[in-house]
Each structure stands twice: as structure tokens, then as C-alpha cells.
Amino acid sequence: MLVAVAAQEREDNTPPVPLVKSVGCVEKDGDAWFLTRATEPEVTEYPFPSAAELEDAGSAAPGSSRLQLIGVTDFLDVNGLLASFDRAEHTARESANATGAIAEGRKLAVKGLYITSVEPHRVNLTSAMALADTCN
């Protein structure tokens, strides 16, 4: 069976799934990670933050959004990465590539693809940068 996938044409040339940025507090609920008290997702051009964006993010006031974070594995610490799926079977601890940016209670700046077709809305991460160890 041959399946053809056509590119989605849009009059305004915006991507069907926008790249956004947001700042908030990391919260874990079961196996899922969330950005709570998050700023409203804002469309952005680049998948990684500039120094100026990080400076602005550091002083961002808490928002009212709650976004589920997906694609988090590489942004956890080494233990979190190795506990995800079957990563420990294929990754040696000393070669694990994990940033450690995502930790519960931390203030975080994220960028990623904004998925609004499901609730809660999700951000499939392209970057996650810790701004502070706490969200106070």
C-alpha cells in the first residue's frame, strides 16, 4: 500500500504547528511533566533562546497557563534519562547526554512545537533552560 503525504498549504505561510516560547514552573504529575504558572506561549522564530531572550525570561512575571512538556528525556538529569523507557538498556551512564535542566520546582524557559489539538496543550521541547532553582 502506498501512502502519499502532501504538504499542508496555508495562505499566510505560518507552520501548522507553531514554534513557541514560554516561562514557568516545573511540576511533575505522575509520569508527566508540566510547566505551570506559565506565560502565554508566544510564537518565536528560532528553536533555541538567545542571550537577550534568556535575560527577559529571567524577569518574566508568572502567568496562568499550564502546559504539558513532552520530549523531556534529554533535559532530565542522568538518572531521569536512564529511567525513561528502555534508555538504560542502550545507554551507558558515562555516555548519557542529559542537561539536567528539568527538575521539579525549578523556573524554566522552554521553546518547542505548540500542540493545541489535545488537552492539556503541549510543548514538544526543542530547548529547556533552567532560570532559577525555585519558582518563588
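Hey, any hits in the stretch 42-52 for a residue that's on the phi > 0 side of the Ramachandran plot, modelled with pLDDT of 95 or more and in a strand (DSSP E or B)? Step through it out loud before you land on a result.
Step one: filter the stretch 42-52 for residues on the phi > 0 side of the Ramachandran plot, giving none.
So far as the stretch 42-52 goes, no, none of its residues is on the phi > 0 side of the Ramachandran plot, modelled with pLDDT of 95 or more and in a strand (DSSP E or B).
Give the stretch 73-83 a look and list any residue that's in contact with a Ser or Thr (Cβ under 8 Å, 6 or more places away or on another chain) and under 22 Å from Cys25 (Cβ atoms), or say none. Give the steps one after another, and end with the answer.
Looking only at the stretch 73-83, we keep the residues that are in contact with a Ser or Thr (Cβ under 8 Å, 6 or more places away or on another chain), and these are 73-76, 80-82.
Selection gives Thr73, Asp74, Phe75, Leu76, Gly80, Leu81.
Take the residues in the stretch 117-136 that are part of a loop (DSSP other than H, G, I, E, B) and either of a type in the set (Val, Ile, Thr) or free of Cβ contacts under 8 Å to residues at least 60 places away in the same chain (or both), then tell me which one is surrounded by the most Cβ atoms within 10 Å (Cβ to Cβ). Break it down stepwise before answering.
First, pick out the residues of the stretch 117-136 that are part of a loop (DSSP other than H, G, I, E, B): 117-121, 133-136.
Subset that is either of a type in the set (Val, Ile, Thr) or free of Cβ contacts under 8 Å to residues at least 60 places away in the same chain (or both): 117-119, 133-134, 136.
Values: Ser117: 8, Val118: 8, Glu119: 7, Asp133: 10, Thr134: 8, Asn136: 7.
Here the answer is Asp133.
When you check Leu81 against the structure, is it at pLDDT below 95, surrounded by 13 or more Cβ atoms within 10 Å (Cβ to Cβ) and within 13 Å of the chain's Cα centre (by Cα), yes or no?
Judged against the criteria, Leu81 is not a match.
Quick one: which of Leu69, Leu76 is closer than 18 Å to Ile115 by Cβ and surrounded by 14 or more Cβ atoms within 10 Å (Cβ to Cβ)? Outline the logic, then answer.
On the way: Leu76 fails: closer than 18 Å to Ile115 by Cβ.
Criteria check complete, one pass: Leu69.
Anything in the stretch 89-115 that is small (Gly, Ala, Ser) and at pLDDT 80 or above? List them, or say none.
Residues of the stretch 89-115 small (Gly, Ala, Ser): 92, 95-96, 98, 100-101, 103, 105, 109, 112.
Hits for the stretch 89-115 are Ala92, Gly100, Ala101, Ala103, Gly105, Ala109, Gly112.
Take the stretch 50-59 and flag every residue that is touching a residue at least 60 places away in the same chain (Cβ under 8 Å) and surrounded by 17 or more Cβ atoms within 10 Å (Cβ to Cβ). First the steps, then the outcome.
Initially, the stretch 50-59 is screened for residues touching a residue at least 60 places away in the same chain (Cβ under 8 Å), giving 54, 57-58.
The one that is touching a residue at least 60 places away in the same chain (Cβ under 8 Å) and surrounded by 17 or more Cβ atoms within 10 Å (Cβ to Cβ): Ala57.
Which of the residues spanning the stretch 11-49 are surrounded by fewer than 16 Cβ atoms within 10 Å (Cβ to Cβ), closer than 22 Å to Ala103 by Cα and either in contact (Cβ under 8 Å) with a residue 60 or more places away in the chain or more than 14 Å from the chain's Cα centre (by Cα) (or both)? Give the derivation first.
Initially, the stretch 11-49 is screened for residues surrounded by fewer than 16 Cβ atoms within 10 Å (Cβ to Cβ), giving 11-18, 28-32, 40, 42-43, 45-48.
With closer than 22 Å to Ala103 by Cα added as a condition, the list becomes 28-32, 40, 47-48.
Matches in the stretch 11-49: Lys28, Asp29, Gly30, Asp31, Pro47, Phe48.
Which one is nearest to the chain's Cα centre (by Cα) among residues in the stretch 84-116 that are of a type outside the set (Gly, Ala, Ser), within 14 Å of Glu27 (Cα to Cα) and not in a strand (DSSP E or B)?
Residues of the stretch 84-116 of a type outside the set (Gly, Ala, Ser): 85-87, 89-91, 93-94, 97, 99, 102, 104, 106-108, 110-111, 113-116.
Still in the list and also within 14 Å of Glu27 (Cα to Cα): 102, 104, 106-108, 110.
Still in the running and not in a strand (DSSP E or B): 102, 104, 106.
Working: Ile102: 9, Glu104: 14, Arg106: 13 Å.
Out of the qualifying residues, it is Ile102.
The values are calculated or read from the model by the stated rules, or taken from the named source; none is laboratory data. Everything quoted here is computed from the prediction, not taken from an experiment. Reconstructed Cβ throughout: ideal geometry from the backbone, glycine too, with neighbour counts over all protein chains shown.
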